[in-house]
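One structure below.
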Amino acid sequence: MEQKFSTYQHNRRKHWDAAAVLKDTHGYWGKYYHERLIQIYRMVVAPGQKVIEIGCRTGDLLASLSPSFGVGIDFSEEMIRQAAQSHPELCFIVADAHQLGCIRQKFDVIILSDLVNDLWDVQTVFNQIAEISSPATRLILNTYSRLWELPLRLAQTLKVMTPLLPQNWLTIEDISNLLNLSDFEVIRSWSEILWTFDTPVLAKFFNCFAVKIWPFRYFALTNFIIARPCAIRCAVKEKPSVSVIIPARNEAGNISQIFGRMPEMGTGTEMIFVEGHSADDTYAVIEKEIQRHPERQCRLFRQTGKGKGDAVRLGFAHAEGEILIILDADLTVLPEELPRFYDALISGKGEFINGVRLVYPMEKQAMRYLNLIGNKFFSLAFSWLLEQSVKDTLCGTKVLWKYDYERIAANRAYFGDFDPFGDFDLLFGAAKLNLKIADMPIRYNERTYGSTNIRRWKHGWLLLRMIMFAAGRMKFV
């Protein structure tokens, strides 16, 4: 077996050395294909991270991602020579993907572009990658679809792309299974590229729009997968502290219950109330309850902007806990439910825990029928848009790590600051950073005080506009 492996690698090393010498690393057809790959990778990899690309060829993809520290690995000495010459700001190493013992540090992003179909033993490579991964690492790979085996052979015969040696032709299911065997969890997968020529109108239509919808997506050239290590993220003896952000507008009758029912979590739980232009005496009631409960760590802020999203961002800005939790003051989601969200986050089940009201039966007056239909529609739209299951977009309870929120806030300009609810701002941001979104079913309760601040038709139209805008920024690009 070792002899067969050595022969396999020798033939491939010789093949790619020759392609590099001939300056034929892409071919005519492949040139546009690799330019499109760069566009896609720049969508899913934020700049300023520690990135390693295994099978980097001449390093153009790696360099395009503007890493704070970039390392390229390839077993072709000629490829690495050219990469080092073209991109001296990056580090390039001659090494085999099956033997990465020379790499001693962890990376934020690990890229395998068009590599897994060319490997002798994919699981061994995934096991090697696990050694240079932290719990926050994202493994991003793309590989040719088997449906394109014959078209690719024809393109090679016509000499419009670089010849390939025999491939593995792994499906998404094959790769997902191999990742699972190496303790990686797939976050999402999708297909890209239908048109491989740089013809402005056709390339834009097929590669930005058609490939994203049924049935065209089944004919795509390449499949993308984003995965994360399954290791528990919070491997600390002392459990993280918590900040619960409680936006409160016209909720005076619910405040005392919040103080009486809020559980202590982690090493400490602070409650941050943000009062938002109430017509009743909500602010005064919160002040009184804070004085009555000196044993609780509480702070109160008066909102100057408008909307729940603005209130949540104000609370997050002042939060000192390592974990951030949103709890609506209407108590339709009970404070007693919050430890389940906390446990799901620290155990690594997800990195963004999203409350779901649409699983268990609701109390009769908890949600009006048309609102229920609207929520189901938006859950389907978001699951399609984000390529992760999001069963309820507007549940007010969401939980994430503070440092992940800070990353979302730093990238907020990409979508703009126009979400009055705050839910979409967080969901879009989490998906853009490739965080694992986990749904947490809860029982949704009727209000016992006050009335809803949701305006069905006005807010429904706004939500629809936000989805269309996000589709243009995340899906059809």
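The values are calculated or read from the model by the stated rules, or taken from the named source; none is laboratory data. None of these values were measured; they are calculated from a predicted model. A quick note on method: Cβ atoms are made from the backbone with ideal geometry, for glycine too, and the neighbour counts reach across all protein chains shown.
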Restricting attention to the stretch 178-224, the residues that are of a type in the set (Ser, Thr, Tyr) and either without any contact (Cβ under 8 Å) to a residue 12 or more places away in the chain or under 17 Å from residue 44 (Cα atoms) (or both) number exactly 4
Which condition number does residue 382 fail, the rest of (1) at pLDDT 85 or above; (2) of a type outside the set (Lys, Arg); (3) assigned to a helix (DSSP H, G or I) being met?
-> (1)
The one condition residue 82 fails out of (1) polar (S, T, N, Q); (2) part of a helix (DSSP H, G or I); (3) surrounded by fewer than 16 Cβ atoms within 10 Å (Cβ to Cβ) is (3)
Residue 187 vs. criteria more than 18 Å from residue 144 (Cβ to Cβ) and crowded, with 20+ Cβ neighbours inside 10 Å | yes
Can you tell me which residues in the stretch 287-306 are under 16 Å from residue 320 (Cβ atoms) and either among the small types (Gly, Ala, Ser) or touching a Phe, Trp or Tyr at 6+ places or on another chain (Cβ under 6 Å) (or both)?
-> 300
Of all residues in the stretch 327-362 being among the β-branched types (Val, Ile, Thr) and within 20 Å of the chain's Cα centre (by Cα), the one that is modelled with the highest pLDDT | 353
Failed item, numbered, when residue 392 is tested on (1) at pLDDT 90 or above; (2) touching a strand residue (DSSP E or B) at 6+ places or on another chain (Cβ under 6 Å); (3) within 20 Å of residue 428 (Cβ to Cβ) = (1)
Considering 60, 74, which residue is touching a residue at least 24 places away in the same chain (Cβ under 8 Å) and touching a Cys at 6+ places or on another chain (Cβ under 6 Å)?
-> 74
Filtered residues of the stretch 85-109 (kept if assigned to a loop (DSSP other than H, G, I, E, B), surrounded by 15 or more Cβ atoms within 10 Å (Cβ to Cβ) and of a type in the set (A, V, I, L, M, F, W, C)) = 90, 95, 97, 100, 103
Can you name the condition, by its number, that residue 112 falls short on among (1) surrounded by 21 or more Cβ atoms within 10 Å (Cβ to Cβ); (2) part of a helix (DSSP H, G or I)?
-> (2)
Which one of 78, 89 is over 30 Å from the mean Cα position of the chain (by Cα) and either at pLDDT 95 or above or more than 22 Å from residue 137 (Cα to Cα) (or both)?
-> 78
Would you list the helices (runs of 4 or more DSSP H) that sit entirely within the stretch 121-202 and hold 3 or more residues that are among the hydrophobic types (A, V, I, L, M, F, W, C) and within 24 Å of the chain's Cα centre (by Cα)?
-> 122-130, 172-181
Considering the stretch 225-245 alone, what residues qualify as being in a strand (DSSP E or B) and either modelled with pLDDT under 75 or under 27 Å from residue 317 (Cα atoms) (or both)?
-> 242, 243, 244, 245
Looking across the stretch 24-63 at residues that are small (Gly, Ala, Ser), within 18 Å of residue 224 (Cβ to Cβ) and over 20 Å from the mean Cα position of the chain (by Cα), the single one that is modelled with the lowest pLDDT is 30
Given (1) surrounded by fewer than 16 Cβ atoms within 10 Å (Cβ to Cβ); (2) part of a strand (DSSP E or B); (3) not acidic (Asp, Glu), index of the condition residue 272 fails | (1)
For residue 305, the lone unmet condition from (1) more than 30 Å from residue 239 (Cβ to Cβ); (2) without any contact (Cβ under 8 Å) to a residue 60 or more places away in the chain; (3) in contact with a strand residue (DSSP E or B) (Cβ under 9 Å, 6 or more places away or on another chain) is (3)
